[in-house]
Amino acid sequence: DTGVSQNPRHKITKRGQNVTFRCDPISEHNRLYWYRQTLGQGPEFLTYFQNEAQLEKSRLLSDRFSAERPKGSFSTLEIQRTEQGDSAMYLCASSPRQKFYGYTFGSGTRLTVV
Amino acid sequence: DAKTTQPPSMDCAEGRAANLPCNHSTISGNEYVYWYRQIHSQGPQYIIHGLKNNETNEMASLIITEDRKSSTLILPHATLRDTAVYYCIVRVEEVGGANSKLTFGKGITLSVRP
């Protein structure tokens, strides 16, 4: 297991379409986080899971956004009815619960809404 | 979590030490200082963290002032591959080792010149 894997790396979609991203965390990490990053800004927190439970959601996560982690392993982030403002890098990170060394981030999925 | 202030950018010569400053004048006694960096088109990477003592690992050193209102990340021998955005973050380490979200600012862009 070499790290956090995110797919796809790039996604171009038309406005109004739905998109889904996948994140595979490091296998022994039970915490998983989603962030969004726009150009020139630092990553912004969206939501996080401990195992399959979604424990916190940002106000940035509108009702068009939904995240799941059904078996406490991989997670998906879905955006419905995409808007141009959704264009961003979507980053996933994972961490172990027992001791905090730092999150491990994936390389992200870059979404472009045209 | 306390806010941090970093200059927007700095540069240094390859092979020289890079000293990246961070102000966190409102830091609380139970808040740690974390540093992450983000190389272009990649997710952020954990570098180091500390509470009040200076810390060193294979990547960098972290110097925290006695009053804990500021800190400096030191890359002892900067290389071209250290060109990145560096984020200074303060956050509470929750009781029991639980994790909470990281709040990123805009960071400081370090450019290492040949």
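The values are calculated or read from the model by the stated rules, or taken from the named source; none is laboratory data. Small disclaimer: the values here were computed from a predicted structure and weren't measured. Here Cβ is always computed from backbone atoms with ideal geometry, including for glycine, and neighbour counts include all displayed protein chains. SASA here: full protein model, heavy atoms, side chains in, ligands and nucleic acids out. Shrake-Rupley method; radii C 1.70, N 1.55, O 1.52, S 1.80 Å.
Remarks
- Residue in region B:13-34 that is nearest to residue B:54 (Cα to Cα), counting only those that are in contact with a Ser or Thr (Cβ under 8 Å, 6 or more places away or on another chain) and of a type outside the set (Gly, Ala, Ser): B:33
- Of residues in region B:31-49 being within 13 Å of residue B:84 (Cα to Cα) and in contact with a Cys (Cβ under 9 Å, 6 or more places away or on another chain), the one farthest from the other protein chains (Cβ to nearest Cβ): B:35
- Residue that is modelled with the highest pLDDT [pool: residues in region B:1-54 that are closer than 22 Å to residue A:42 by Cβ and among the charged types (D, E, K, R)]: B:37
- Strands (runs of 3 or more DSSP E) completely within region B:1-58 that count 2 or more residues being in contact (Cβ under 8 Å) with a residue 12 or more places away in the chain, over 14 Å from the mean Cα position of the chain (by Cα) and surrounded by 12 or more Cβ atoms within 10 Å (Cβ to Cβ): B:9-13
- Filtered residue count, region A:61-114, keeping only those that are over 16 Å from residue A:38 (Cβ atoms), in a strand (DSSP E or B), open to solvent by 30 Å² or more (accessible area, probe 1.4 Å) and more than 11 Å from chain B (Cβ to nearest Cβ): 4
- Among the residues of region A:95-109, those identified as at pLDDT 85 or above and within 18 Å of residue B:37 (Cβ to Cβ) are A:95, A:103, A:104, A:105, A:106, A:107, A:108.
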